[in-house]
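The values are calculated or read from the model by the stated rules, or taken from the named source; none is laboratory data. Every value quoted in this text rests on a predicted model; they were computed, and no experiment measured them. Reconstructed Cβ throughout: ideal geometry from the backbone, glycine too, with neighbour counts over all protein chains shown.
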Amino acid sequence: MAAIDGLDDAAIRDILTTVRRIAVVGASPKPVRPSNEVLGALTERGYQTFPVNPGHVGALIRGRPVSGRLADLPSPVDMVDVFRNSAAAGAVVDVALALDPLPRVIWMQLGVVDHAAAERARARGVQVVMNRCPMIELRRLGLAGPRE
């Protein structure tokens, strides 16, 4: 059965071994939340991570300073990881598509699917992953982290 995003293992491997800077939209300071665990796992694997959560601006999550909006990030990102529900994903994608430079990848977490938003991103040349977790994919593909 094909993945909902149409991407094969080679495409996912390429994304995970070439992106370096990842914004995690919806990152939670609560250790029991999946967004917190994924942020930590990505950081531990050598990615430069940027938690985004307007309710926690200025705090630290997993040792990383929190920005309130994608537009407030201190540097451009290669990938935007969306930890918001499907109904909110389109708005996050639209904000990501307003960034300059554009991210190369928009990654929607497990259970997050927005085909219309994905098409808007693809029309701008941005790769879209949907209904997947980068931490799970890193483990499944046997990847230790980004290429040096």
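On the basis of being β-branched (V, I, T) and under 14 Å from V19 (Cβ atoms), does V113 make the cut?
On the way: β-branched (V, I, T): yes; under 14 Å from V19 (Cβ atoms): no.
Criteria not met by V113.
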- Message: For the list (1) in contact (Cβ under 8 Å) with a residue 12 or more places away in the chain; (2) on the phi < 0 side of the Ramachandran plot, I need the number of the one condition that G46 fails.
- Response: (2)
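Yes/no matrix, rows are residues, columns are (1) more than 23 Å from P54 (Cβ to Cβ); (2) in contact with a Ser or Thr (Cβ under 8 Å, 6 or more places away or on another chain):
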| residue | (1), (2) |
| --- | --- |
| V92 | no, no |
| D100 | no, no |
| G111 | no, yes |
| H115 | yes, no |
| A121 | no, no |
| R132 | yes, no |
| I136 | yes, no |
- Is it true that some residue in the range 61-73 is assigned to a loop (DSSP other than H, G, I, E, B), over 14 Å from the mean Cα position of the chain (by Cα) and within 29 Å of G142 (Cα to Cα)? yes
- Query: Since G125 meets every condition but one in (1) modelled with pLDDT of 95 or more; (2) on the phi < 0 side of the Ramachandran plot, which condition does it not meet?
  - Reply: (2)
- Item | Residues being buried (at least 16 other Cβ atoms within 10 Å of the Cβ) and under 19 Å from S86 (Cα atoms) - total across the range 8-33 | 6
